[in-house]
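See structure below.
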Amino acid sequence: MNPDLNRLHPYPFEQLAALKAGITPALNAKPIALSIGEPQHAPPAVALRAMTASLAGLSRYPLTRGELPLRQAIAAWLTQRFHLQNHPIDPEREVLPVAGTREALFSFAQAVIAKPERAESPRPIVLMPNPFYQIYEGAAFLAGAEPYYYPTTSDTNFLPDFNAIPADIWARAQLIYVCSPGNPSGAVIDRERVKTLFALADQHNVIIAADECYSEIYFDEAAPPAGFLQMANELGRSDWRNLIVFHSLSKRSNLPGLRAGFVAGDAAILGKYLKYRTYQGCALSLPVQMTSIAAWNDEAHVRDNRDQYRAKFNAYLWADVRGVRGGDERQFTRDLYAEQNLTVLPGRYLSRPFEGIDPGAGYVRMALVAELADCIEAAQRIRAFLTG
């Protein structure tokens, strides 16, 4: 067996199940889970119709690079959404469909990390935010790399300070994961920080993997968060060098079970990644591709989705509970479940200690993906818990 499998940490929800084990909630009410960010809104009708109409496509082997109409739909959406009209995305060279961002964020590291030529050489480094989506860490471990957890804490409004990463770490780095809007905080990386990141990545030849799967959930219709391709274009980097963005239909279109998304950016990197994916065997079936085309071509259901999230404040709440129940978010989670039959996720299950500080400690993640009535009831139960 691959020895790096032993380096993997338990997944957050395994840890949560162990934390809750043996507890019988006292509240005589239905359970409400705010722990997992699985969208509960209805899938868009336009996508369901496209799926039904394309089932005959199951009789064909799909292309790893996807059908041209899918790549064209993705390129058109990217160009429109991120104001790339002066440098439109090329559907032939700058887009690849993937089976959701989770699959791609993992496999991308396997494709791009160069292993040391000598066994005694230090492992390459993969930079990732802390707290983080645990796939980044697992991808680094199984690519034979060493994770470096750069903090995104309240001290910097949950945004990364790329200049604070030591020069010797940058020198060994090959890949950096960034997430904007961030999971779990929702913080959006600003243009000045992105400009700094581009400069450091250029200096050290580091590939940027920009996880943007939450980009379509925001408050102000007139001010959507800027994407990395958009900011690269504004800075004159329309060759997208060393930049790959990751998008999915899971959150945008309430289609987590479709397992459909894309990567886009640097054509040279994507050409090699396509070769890797051809051997990996992860092509999207024709019905999934046709459903994806319908979803990427329709914005009405996405606006409706945002309206529903606005009614619940946002997709995620990264709540500071350091002043409650002794300040340990794990005890907070256990007590909340025991007394109110309400499940949240302890912050340290999404983070790692860094320089003696765990940036997830004292926080809980609440995923407001349930129906509005359940989210309102959850808020009422939390209030009762805090004041009881």
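Of the set (1) more than 30 Å from ALA111 (Cβ to Cβ); (2) of a type outside the set (Phe, Trp, Tyr); (3) in contact with a His (Cβ under 8 Å, 6 or more places away or on another chain); (4) at pLDDT 95 or above, all apply to ALA264 but (1). Pairing each residue of segment 365-383 that is closer than 21 Å to ARG330 by Cβ with any residue that is modelled with pLDDT of 90 or more and part of a helix (DSSP H, G or I), provided the two are 6+ apart or on different chains, yields C-beta distances under 6 Å for ARG381/GLN340.
Restricting attention to segment 152-167, the residues that are surrounded by fewer than 18 Cβ atoms within 10 Å (Cβ to Cβ), among the polar types (S, T, N, Q) and in contact (Cβ under 8 Å) with a residue 12 or more places away in the chain total 3.
Screening ASP307 with (1) outside the structural domain of GLN15 (by TED's automatic domain parsing); (2) buried (at least 18 other Cβ atoms within 10 Å of the Cβ); (3) part of a helix (DSSP H, G or I) gives one miss only, at (2). Do we find a residue being in contact with a Phe, Trp or Tyr (Cβ under 7 Å, 6 or more places away or on another chain), crowded, with 16+ Cβ neighbours inside 10 Å, outside any helix (DSSP H, G or I) and not assigned by TED's automatic domain parsing to the domain that holds GLU137 anywhere in segment 80-98? The answer is no, given that none of the residues of segment 80-98 is in contact with a Phe, Trp or Tyr (Cβ under 7 Å, 6 or more places away or on another chain), crowded, with 16+ Cβ neighbours inside 10 Å, outside any helix (DSSP H, G or I) and not assigned by TED's automatic domain parsing to the domain that holds GLU137.
Restrict the check to segment 325-345 and report whether at least one residue is within 19 Å of PHE158 (Cα to Cα) and outside the structural domain of TYR148 (by TED's automatic domain parsing).
yes
Please count how many residues of segment 116-130 are at pLDDT 95 or above and in a loop (DSSP other than H, G, I, E, B). So the count comes out to 1. Here LEU284 qualifies as assigned to a loop (DSSP other than H, G, I, E, B), modelled with pLDDT of 95 or more, touching a strand residue (DSSP E or B) at 6+ places or on another chain (Cβ under 6 Å) and aliphatic (A, V, I, L, M).
Just one of ALA76, ALA114 is under 16 Å from LEU249 (Cβ atoms), of a type in the set (Gly, Ala, Ser) and surrounded by fewer than 20 Cβ atoms within 10 Å (Cβ to Cβ); which is it? None of the other options fit; the residue is ALA76.
Listed here are the residues, each with its yes/no results for (1) at pLDDT 95 or above; (2) part of a loop (DSSP other than H, G, I, E, B); (3) farther than 29 Å from PRO44 by Cβ.
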| residue | (1), (2), (3) |
| --- | --- |
| GLU192 | yes, no, yes |
| THR196 | yes, no, yes |
| LEU200 | yes, no, yes |
| TYR218 | no, yes, no |
| GLN230 | yes, no, no |
| HIS247 | yes, no, no |
| ASN254 | no, yes, no |
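Scan segment 1-53 for residues that are more than 19 Å from SER253 (Cα to Cα), among the hydrophobic types (A, V, I, L, M, F, W, C), touching a helix residue (DSSP H, G or I) at 6+ places or on another chain (Cβ under 9 Å) and assigned to a loop (DSSP other than H, G, I, E, B) and the total you get is 6.
Where residues in segment 331-349 are under 19 Å from the mean Cα position of the chain (by Cα) and buried (at least 22 other Cβ atoms within 10 Å of the Cβ), which of them is nearest to ILE135 (Cα to Cα)? Steps first, answer last, please.
Of all residues in segment 331-349, those under 19 Å from the mean Cα position of the chain (by Cα) come to 344-349.
Cutting the leftovers down to buried (at least 22 other Cβ atoms within 10 Å of the Cβ) gives us 344-347, 349.
Numbers: VAL344: 20, LEU345: 17, PRO346: 17, GLY347: 16, TYR349: 13 Å.
The residue in question is TYR349.
Total residues in segment 1-39 satisfying the condition of being surrounded by 15 or more Cβ atoms within 10 Å (Cβ to Cβ) and within 19 Å of the chain's Cα centre (by Cα): the figure is 5.
Mind checking which residues of segment 131-160 are assigned to a helix (DSSP H, G or I) and out of contact with any strand residue (DSSP E or B) (no Cβ under 6 Å at 6 or more places or on another chain)? Let's see the steps before the verdict.
Going residue by residue through segment 131-160, those that are assigned to a helix (DSSP H, G or I) are 134-142, 154-156.
Of everything in segment 131-160, those that are assigned to a helix (DSSP H, G or I) and out of contact with any strand residue (DSSP E or B) (no Cβ under 6 Å at 6 or more places or on another chain) turn out to be GLN134, ILE135, GLY138, ALA139, PHE141, LEU142, SER154, ASP155, THR156.
From the list TYR148, TYR218, the lone residue that is farther than 20 Å from ALA104 by Cβ, in the same structural domain as ALA267 (by TED's automatic domain parsing) and in contact with a Leu (Cβ under 6 Å, 6 or more places away or on another chain) is TYR148.
The single condition among (1) assigned to a loop (DSSP other than H, G, I, E, B); (2) among the basic types (Lys, Arg); (3) more than 21 Å from ASN183 (Cα to Cα) that ARG322 does not meet is (3). Of all positions in segment 168-185, at least one carries a residue that is in the same structural domain as PHE246 (by TED's automatic domain parsing) and free of Cβ contacts under 8 Å to residues at least 24 places away in the same chain.
In this structure, ASP211 does not qualify as at pLDDT 95 or above and over 23 Å from PHE141 (Cβ atoms).
The values are calculated or read from the model by the stated rules, or taken from the named source; none is laboratory data. None of these values were measured; they are calculated from a predicted model. FYI the Cβ positions are ideal-geometry reconstructions off the backbone, even for glycines, and counts take in every protein chain you see.
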